[in-house]
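Visitor: Take this structure, written in structure tokens, and hold onto it; I'll ask about it next.
No lab work stands behind these numbers, since they all come straight from the coordinates. Just so we're clear, the structure is a prediction, and the values are computed from it rather than from any experiment. No Cβ is skipped: glycine too gets one built from the backbone with ideal geometry, and neighbour counts run over all protein chains shown.
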Amino acid sequence: MKLYKKALLILSLGLTLNSCLDLDPQDQLADGNLWGAADDFKYFATNFYGWTRDFKSVISDGAHSDWRSDLMTSSSVNMYSNGSNPIPTSDGNYTSNYAHIRRCNLLLQKAASFSGNGDISRYVAEAKFFRAFAYFDLVSMWGDVPLVDHELDKSEYQLARSPKADIWALIEQDLTEAINSGLLEEKKSVDDK
């Protein structure tokens, strides 16, 4: 009987502690504790600005860099100038642009169901601008590419390419909506917060 009581006590203690494991960590970002306030959207959208390019990336291997053209000259002709560039098995420009698109789609999806206090329309406009920015790189470099305008589930991982006219239409729609929101600034000084 004593063994029975100990087993019952251990079982009840185990069931009680199990519910503590279902909590979102308070010191980390997780879906359960990220999208509750307008500031969460602000902090998430702030990361989009790290995707812009500086002068170094314009002349290196960026999507529209001079290195991928016949503009770069040296003592020898580069592989883009003489047409000997190989087709890569993977390209960082391709994968990073789709990672950016995924983040924009995530913000847009969470914004559609946001019921908290505060105005998030500026961050929605920023997400649409940066999604258009990423698709501009993709369609400029590869033409027809998969169009992803929502969070994918596992059954959608192998998408076919969409006609580039559909991609340009999404770019135009996103930019039009971002501009018409009237919330995007022409430029922002470093002192602005």
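Visitor: Could you calculate the contour length gain from W51 to I179, that is, 0.36 nm times the residue separation minus the distance between their Cα atoms, to one decimal place in nm?
Guide: Values: separation 128, 0.36 × 128 = 46.08 nm, distance 1.95 nm.
My answer for the length gained is 44.1 nm.
Visitor: Quick one: length gained pulling N117 to Q158 fully straight, 0.36 nm per residue minus the C-alpha distance? It would help to have the intermediate numbers written out before the result.
Guide: Details: separation 41, 0.36 × 41 = 14.76 nm, distance 3.77 nm.
Separation in residues times 0.36 nm, less the Cα-Cα distance, equals 11.0 nm.
Visitor: Report the charge-dipole magnitude of segment 108-162 in Debye, nearest 20, computed about the Cα centre from +1 at each Lys and Arg Cβ and -1 at each Asp and Glu Cβ. Walk me through the numbers before you get to the answer.
Guide: Details: 6 positive and 8 negative charges, 16 e Å.
It works out to roughly 80 debye.
Visitor: Suppose the chain between V77 and M141 were pulled fully straight at 0.36 nm per residue; how much longer would it get relative to their current alpha carbon spacing? It would help to have the intermediate numbers written out before the result.
Guide: Working: separation 64, 0.36 × 64 = 23.04 nm, distance 2.12 nm.
Separation in residues times 0.36 nm, less the Cα-Cα distance, equals 20.9 nm.
Visitor: In nm, to one decimal, how far is the L9 label point from the D91 one, both placed 7 Å along Cα→Cβ?
Guide: In this crude spin-label approximation the distance works out to 6.7 nm.
Visitor: Quick one: of K128/K164; K42/K164; K42/K154, which pairs are farther than 20 Å apart, Cα to Cα? Walk me through the numbers before you get to the answer.
Guide: Working: K128/K164 18 Å; K42/K164 31 Å; K42/K154 29 Å.
Where the Cα-Cα span goes over 20 Å, the pairs concerned are K42/K164; K42/K154.
Visitor: Still on this structure, I have one more. Obtain the nm distance between the two label points defined at Q109 and K2 by a simple spin-label model: each point lies 7 Å from its Cα along the Cα-to-C-beta direction.
Guide: 5.6
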